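*Asks:* Dropping the structure in here first, questions after.
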Amino acid sequence: MTDNNFWEYLKEGFLSLIYPLNCENCSRPIRESKGYSICDDCLQQIKFIYFPYCYQCGKPFSPEVDFEAKALCADCLYRGHHYYFVRSLAYYEGVLRKCIHLLKFKKQVKLVKPLANLMINYLSRDELINIKEIELIIPVPLFKDDHLKRGFNQSGLLAKYIADYFSIPFSEDLLIKIRANLSQVGLSRIERKKNVKNVYAINSSMLQKQHNISSLLLIDDIFTTGASIEACCKELKKIGIEKLYVFTLARGV
């Protein structure tokens with residue numbers, strides 16, 4: 001334990017004595033504070049997504065059917081995508097939904113560590129994403145005004161933690177969000193697609209620094225219809241990136 005970690009540990013312990021936290025999910029007291037209000041028992045209840053799922057978009061299939069390893073859903077059979085494939089760690093429900101809300105809206109940024117570690121464990125054992133071939137990791141960006149208002153990009157924090165763990169280059173400036181748009185919540189698939197049109201762009205000033213990248217991992221917090229992911233990947237394809245892998249913390253149910 002480094003000196004910084006030691007003093008951080010003492011500080012969290014001291015604060016937990018004065019301001020004891022209850023878990024936001026189960027309401028039980030958290031015995032050892034780590035700077036966020038979800039207990040370890042509840043973190044272990046996160047429901048992971050396992051095969052079978054669509055090979056390209058990661059949409060879960062019924063476990064009662066014997067699907068082939070590279071089976072595609074109806075959407076992917078008839079619609080092309082700019083990404084190579086999408087994988088999501090777990091369903092956007094229950095404990096994970098609570099964690100993401102605490103991170104984004106209550107600014108409990110220390111949740112990044114346990115959540116990113118779950119993503120790292122997935123990447124370490126996944127046979128389809130060869131992490132050694134990934135040349136750059138980037139997040140889905142926020143518009144600058146939204147970034148300033150929140151103080152951070154939750155996808156950027158997750159992506160940076162993962163990149164540091166695997167010693168892979170990270171960039172939060174290659175792909176940028178050039179204008180604000182409506183929240184995607186409550187919009188139909190068609191409305192979501194229109195809502196993200198011409199919203200993302202490549203930062204031309206970063207192209208020289210990030211040239212000749214052929215394999216990239218794009219990180220986001222939630223995959224719903226994939227409209228934002230598709231819009232991002234469309235722009236990244238323009239600069240010649242051949243394999244665009246997408247990995248999200250959660251997937252809409």
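The values are calculated or read from the model by the stated rules, or taken from the named source; none is laboratory data. Keep in mind the model is a prediction, meaning the values are calculated, not measured. Cβ atoms come from the backbone with ideal geometry, glycine included; neighbour counts cover every protein chain shown.
*Asks:* Looking for whichever is under 26 Å from F105 (Cα atoms) and in the same structural domain as A231 (by TED's automatic domain parsing) here; the options are I176, I134, I190, I202. Which one fits? Write out each step before concluding.
*Replies:* On the way: I134 fails: under 26 Å from F105 (Cα atoms); I190 fails: under 26 Å from F105 (Cα atoms); I202 fails: under 26 Å from F105 (Cα atoms).
Exactly one residue qualifies, and that residue is I176.
*Asks:* If you check S183 against the conditions, is it at pLDDT below 85, over 20 Å from the mean Cα position of the chain (by Cα) and closer than 30 Å to D75 by Cα?
*Replies:* Values: at pLDDT below 85: yes; over 20 Å from the mean Cα position of the chain (by Cα): no; closer than 30 Å to D75 by Cα: yes.
It is false that S183 is at pLDDT below 85, over 20 Å from the mean Cα position of the chain (by Cα) and closer than 30 Å to D75 by Cα.
*Asks:* Among the residues that make up the stretch 116-126, is at least one of them charged (D, E, K, R), within 19 Å of I49 (Cα to Cα) and surrounded by fewer than 18 Cβ atoms within 10 Å (Cβ to Cβ)?
*Replies:* First, pick out the residues of the stretch 116-126 that are charged (D, E, K, R): 125-126.
Imposing the further condition that a residue be within 19 Å of I49 (Cα to Cα) reduces the set to 125-126.
Checking the rest, the ones that are also surrounded by fewer than 18 Cβ atoms within 10 Å (Cβ to Cβ) come to 125-126.
Within the stretch 116-126, one or more residues are charged (D, E, K, R), within 19 Å of I49 (Cα to Cα) and surrounded by fewer than 18 Cβ atoms within 10 Å (Cβ to Cβ).
*Asks:* Please pick out the residue among L158, L217 that is in contact with a Phe, Trp or Tyr (Cβ under 6 Å, 6 or more places away or on another chain) and in contact (Cβ under 8 Å) with a residue 40 or more places away in the chain. Full working, then the answer.
*Replies:* On the way: L158 fails: in contact with a Phe, Trp or Tyr (Cβ under 6 Å, 6 or more places away or on another chain).
Result: L217 is the single residue among L158, L217 that is in contact with a Phe, Trp or Tyr (Cβ under 6 Å, 6 or more places away or on another chain) and in contact (Cβ under 8 Å) with a residue 40 or more places away in the chain.
*Asks:* For residues that are in a loop (DSSP other than H, G, I, E, B) and touching a residue at least 24 places away in the same chain (Cβ under 8 Å), scanning just the stretch 26-44, find the one that is surrounded by the fewest Cβ atoms within 10 Å (Cβ to Cβ). Explain how you work it out, then say what you get.
*Replies:* Taking the stretch 26-44 and keeping what is in a loop (DSSP other than H, G, I, E, B), we get 26-28, 30-39, 44.
Then keep just the ones that are touching a residue at least 24 places away in the same chain (Cβ under 8 Å); that gives 34-38.
Numbers: K34: 19, G35: 15, Y36: 23, S37: 19, I38: 26.
Filtering first and then ranking leaves G35.
*Asks:* Do we find that R79 is without any contact (Cβ under 8 Å) to a residue 40 or more places away in the chain, under 19 Å from G226 (Cα atoms) and surrounded by fewer than 18 Cβ atoms within 10 Å (Cβ to Cβ) in this structure?
*Replies:* yes
*Asks:* In the stretch 132-156, how many are in a loop (DSSP other than H, G, I, E, B), closer than 19 Å to I222 by Cα and of a type in the set (A, V, I, L, M)?
*Replies:* 2
*Asks:* Can you tell me how many residues within the stretch 162-192 are closer than 17 Å to D220 by Cα, free of Cβ contacts under 8 Å to residues at least 12 places away in the same chain and hydroxyl-bearing (S, T, Y)?
*Replies:* Result for the stretch 162-192: 1.
*Asks:* Do the conditions hold for L174, that is, is it closer than 21 Å to R87 by Cα, touching a strand residue (DSSP E or B) at 6+ places or on another chain (Cβ under 6 Å) and not small (G, A, S)? Lay out the reasoning, then the answer.
*Replies:* Values: closer than 21 Å to R87 by Cα: no; touching a strand residue (DSSP E or B) at 6+ places or on another chain (Cβ under 6 Å): yes; not small (G, A, S): yes.
Considered against the rule, which asks whether it is closer than 21 Å to R87 by Cα, touching a strand residue (DSSP E or B) at 6+ places or on another chain (Cβ under 6 Å) and not small (G, A, S), L174 comes out as no.
*Asks:* Here is a further query. Name the single residue, out of those in the stretch 76-132 being among the hydroxyl-bearing types (S, T, Y) and within 20 Å of K59 (Cα to Cα), that is nearest to the chain's Cα centre (by Cα).
*Replies:* The initial filter retains those residues of the stretch 76-132 that are among the hydroxyl-bearing types (S, T, Y), namely 78, 83-84, 88, 91-92, 122, 124.
Those left that are additionally within 20 Å of K59 (Cα to Cα): 78, 83-84, 88, 91-92, 122.
Numbers: Y78: 26, Y83: 15, Y84: 16, S88: 8, Y91: 12, Y92: 12, Y122: 12 Å.
So the residue we want is S88.
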